[in-house]
Each structure stands twice: as C-alpha cells, then as structure tokens.
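Here's the structure, in structure tokens; my notes come after.
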Amino acid sequence: MKAIITVVGKDKSGIVAGVSGKIAELGLNIDDISQTVLDEYFTMMAVVSSDEKQDFTYLRNQFESFGQTLNVKINIQSAAIFEAMYNI
C-alpha cells in the first residue's frame with residue numbers, strides 16, 4: 001500500500017513532529033517527504049507506505065481528527081489514484 005499525505009495550515013512549531021508521530025502510530029512508513037513554508041503557511045507532502053493493506057476511511061478519519069489538534073488540514077489519498085490518472 002502506498003499513499004500521499006498532504007498537510008496545510010498556518011505555520012507553527014511541532015507540525016512535522018506531530019504528523020510524523022501520527023504516521024508512525026498508524027503503522028505507516030515515510031518513504032519521501034517535502035515541506036516548505038509559503039508566506040506564513042506550512043505545506044507538506046509525504047509518500048507513505050505499508051506492507052499491510054490499510055483501511056483508507058479509518059486513516060482519513062484519524063488524520064482529519066489529528067489535524068484539528070494541530071490546526072492544520074491533513075489529507076491522505078491512495079497513490080493508485082495518481083498512477084491510474086497517468087495510465088489513461
């Protein structure tokens with residue numbers, strides 16, 4: 001299983017630590033990560049994977065709830081969606 005996680009919100013300390021901790025807690029591995037601050041807004045994209053099949057509804061709910069605690073928007077999408085777009 002491979003997925004793309006995006007994080008967007010007003011910049012503050014602890015976002016990367018919090019999100020990476022949640023990723024690990026949910027049993028996902030960070031394969032690649034990029035983050036930047038645009039003006040005063042934090043943005044991050046991460047490619048994550050797991051050897052096990054994951055329930056995306058559960059993961060979405062977990063990240064959405066956790067994002068509220070950090071005042072950021074966290075989204076997760078299956079990488080298969082992006083691969084399918086380029087194979088059409």
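The values are calculated or read from the model by the stated rules, or taken from the named source; none is laboratory data. Everything quoted here is computed from the prediction, not taken from an experiment. Here the Cβ is made from the backbone with ideal geometry for all residues, glycine too, and neighbour counts use every protein chain on show. Side chains are part of the model used for accessible areas, which takes the heavy atoms of the whole protein and leaves out ligands, DNA and RNA. Shrake-Rupley method; radii C 1.70, N 1.55, O 1.52, S 1.80 Å.
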Quiz item: In the set 40, 52, which member is more than 20 Å from residue 10 (Cα to Cα) and loosely packed, with under 13 Cβ neighbours inside 10 Å?
Solution: 52
Quiz item: How many of the residues in segment 60-72 are open to solvent by less than 80 Å² (accessible area, probe 1.4 Å) and outside any strand (DSSP E or B)?
Solution: 6
Quiz prompt | Residue count, segment 8-21 (criterion: in contact with a strand residue (DSSP E or B) (Cβ under 8 Å, 6 or more places away or on another chain) and not in a loop (DSSP other than H, G, I, E, B)) | solution = 7
Exercise. From (1) without any contact (Cβ under 8 Å) to a residue 24 or more places away in the chain; (2) loosely packed, with under 15 Cβ neighbours inside 10 Å; (3) under 14 Å from the mean Cα position of the chain (by Cα), pick out the condition that doesn't hold for residue 81.
Key: (3)
Quiz prompt | residue 16 being closer than 16 Å to residue 69 by Cα and not acidic (Asp, Glu) | solution = yes
Quiz item: residue 57 is checked against (1) part of a helix (DSSP H, G or I); (2) in contact with a Gly (Cβ under 8 Å, 6 or more places away or on another chain) and fails just one. What number does that condition carry?
Solution: (2)
Exercise. Evaluate segment 29-52: report whether one residue or more is free of Cβ contacts under 8 Å to residues at least 24 places away in the same chain, among the charged types (D, E, K, R) and part of a helix (DSSP H, G or I).
Key: no
